[in-house]
Structures are given as structure tokens and as C-alpha cells.
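In what follows, a structure is listed as C-alpha cells, so that the remarks can point back to it.
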Amino acid sequence: YMIKSHQIVLVILEALSLKLGLEAHVLPDLHRLMQPSGDQLRMTKCTMHPKRCAGEPDVALGAHTDFGSITI
């Protein structure tokens, strides 16, 4: 999954590089899959809580931040 997702991200980053007037490799070169990084994969634990008040929707995932440049 990680390798296929990364391949998709590289295609997107290459297109973004070109649209920004950069050489195609510039943004992909900043996203190296096999280098230590905190942005390749993060798991978010989701705990379902009972509804607090009638009419309020259940929230499965609270506020979070996407750590990478592209989120798949």
C-alpha cells in the first residue's frame, strides 16, 4: 500500500513541479520513501463514543492535521 500510494504521490508532485515552473523532479526529490521521516505513514486511532445529546451526530474522527504534502 505504501509503495503504490507513494508512486501516486510522485506523479502528482511531478505535475505540481511543472505547473510551478520547476523541473519535474524538484518536488518528488523532497519526498523520499526510504528516508527517515514522520510524514510517510501515521495511524489515527478512532474510538466511537455514545451520543452526548439527542440530535448530535456521532463523531468518529476528531480534528487532526495531515502531516505530508499529499494525503491519500
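The values are calculated or read from the model by the stated rules, or taken from the named source; none is laboratory data. Note that the structure is predicted; figures quoted are calculated from it, not measured. Positions of Cβ are generated from backbone atoms using ideal geometry, with glycine treated the same way; all protein chains shown enter the neighbour counts. Ligands, DNA and RNA are stripped out before the accessible areas are found, and what is left, the full protein with its side chains, is counted by its heavy atoms. Shrake-Rupley method; radii C 1.70, N 1.55, O 1.52, S 1.80 Å.
Couple of notes before you dig in:
- Taken over region 1-40, the criterion of being of a type in the set (Asp, Glu) and over 11 Å from ILE70 (Cβ atoms) is satisfied by GLU14, GLU23, ASP29.
- Criterion violated by SER17 - all others in (1) open to solvent by less than 80 Å² (accessible area, probe 1.4 Å); (2) at pLDDT below 90 satisfied: (2)
- Condition met for ARG42 (open to solvent by 90 Å² or more (accessible area, probe 1.4 Å), under 13 Å from the mean Cα position of the chain (by Cα), of a type in the set (D, E, K, R) and modelled with pLDDT under 75): yes
- Residues that are in contact with a Leu (Cβ under 7 Å, 6 or more places away or on another chain) and of a type in the set (A, V, I, L, M), drawn from region 4-29: LEU13, LEU16, ALA24, LEU27
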